[in-house]
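Written below as structure tokens is the structure these notes are about.
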Amino acid sequence: MKILAVDTALGACSVAIVEDGRVLVHRHELMERGHAEALAPMVDGAMRDAEAEFSSLDRLAVTTGPGTFTGQRVGLAFMRALRIALHRPLIGITTLAAMAEAARSETRLQRAIALHDARRDEVYVEIDGKPEVLLFDDAVRMLRNIEGDAPIALAGTAAVRACDALSRRFVLSAVRQPDALWVARLAAVAAEPNGAPRPLYLRPPDAKLPAPKP
């Protein structure tokens with residue numbers, strides 16, 4: 001199975017092409033803005049380097065969020081267009097699941113959790129498949145209450161602060177941003193969806209349309 005995966009949802013832009021578990025091409029660039037301009041050339045270059053035609057792809061994958069309002073939409077819009085053009089299934093993976101999977105692989109621990117700074121002293125966190133936005137202290141409290149003694153790896157931009165507030169049971173990984181490589185790996189074992197994935201918004205965008213004049 002050959003998969004093209006992309007991520008533009010947070011502080012990086014990345015593309016990966018994976019075939020039957022083998023990484024054909026992997027590109028990952030940190031960036032706070034400019035995802036819309038970077039994505040298409042990055043995908044085009046990756047496909048050329050992999051010497052692959054778009055028609056050879058079996059699946060597509062993209063991060064759905066949580067993330068920045070614009071960043072989420074860039075990747076989703078691009079990959080939804082490819083889904084229609086190629087008639088291939090498009091798998092949606094959360095940014096938190098992708099970071100957790102990367103951290104689990106890096107630390108070789110059985111469990112990993114991503115906590116990402118959402119500003120306003122809040123974090124995005126996904127525990128047991130439930131992504132949500134919480135106050136930092138509430139997220140730390142939830143982590144403390146996880147049953148068992150097995151070590152847990154932490155990823156994301158809020159992981160350093162969380163590890164400082166937690167016991168040695170929690171192990172800090174080097175993962176701070178999602179990466180399309182792990183989006184592809186998760187998509188390879190995901191169930192095929194019935195439709196296109198939708199953006200995952202855990203809170204409304206800061207920008208609001210002006211109210212209509214009375």
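Only the coordinates and a few stated rules stand behind these numbers; no lab work does. Since we're looking at a predicted model, the values are computed, not measured. Every residue, glycine among them, receives a Cβ derived from its backbone with ideal geometry; neighbour counts consider all protein chains shown.
Which ordering of CYS13, CYS163 is given by a fewest-first count of other beta-carbon atoms within 10 Å?
On the way: CYS13 26, CYS163 19.
Starting with the residue having the fewest Cβ neighbours, the order is CYS163, CYS13.
Starting from segment 93-122, pick out the trypsin sites (Lys or Arg not before Pro) whose DSSP state is loop and whose Cβ has at most 13 other Cβ atoms within 10 Å. The partial results should precede the final answer.
Details: sites: ARG104, ARG108, ARG111, ARG119, ARG120; in loops: ARG108, ARG111, ARG120.
When the trypsin sites (Lys or Arg not before Pro) of segment 93-122 are filtered for loop state and at most 13 Cβ neighbours within 10 Å, ARG108, ARG120 remain.
What ranking do ILE17, ILE127 get, fewest neighbouring Cβ atoms within 10 angstrom at the top?
Going from least to most buried by this count: ILE127, ILE17.
Decide, for segment 29-74, between rounded, prolate and oblate: order the square roots of the alpha carbon gyration tensor eigenvalues as a ≥ b ≥ c, take rounded if a/c falls under 1.5, and otherwise choose prolate if a/b is larger than b/c, else oblate.
The shape class here is oblate.
Please give the calculated 222 nm ellipticity per residue for the chain, where each DSSP H segment of at least 4 residues contributes -39500 (n - 2.57) and the sum is spread over every residue; nearest 500 deg cm²/dmol? Walk me through the numbers on the way to the answer.
On the way: 6 runs with 71 residues, N = 214.
So the calculated ellipticity at 222 nm is -10500 deg cm²/dmol.
With labels modelled as points extended 7 Å from the Cα through the Cβ direction, what inter-label distance (nm, one decimal) is found for PHE69 paired with ASP128?
Reported label-point gap for PHE69 and ASP128 is 3.3 nm.
State the antiparallel share, in %, of DSSP beta bridges confined to the chain, rounding to the nearest 5.
For the chain, the DSSP antiparallel bridge percentage is about 60.
In which sequence would THR68, THR94 go, from the one with the fewest C-beta neighbours within 10 Å to the one with the most?
THR68, THR94
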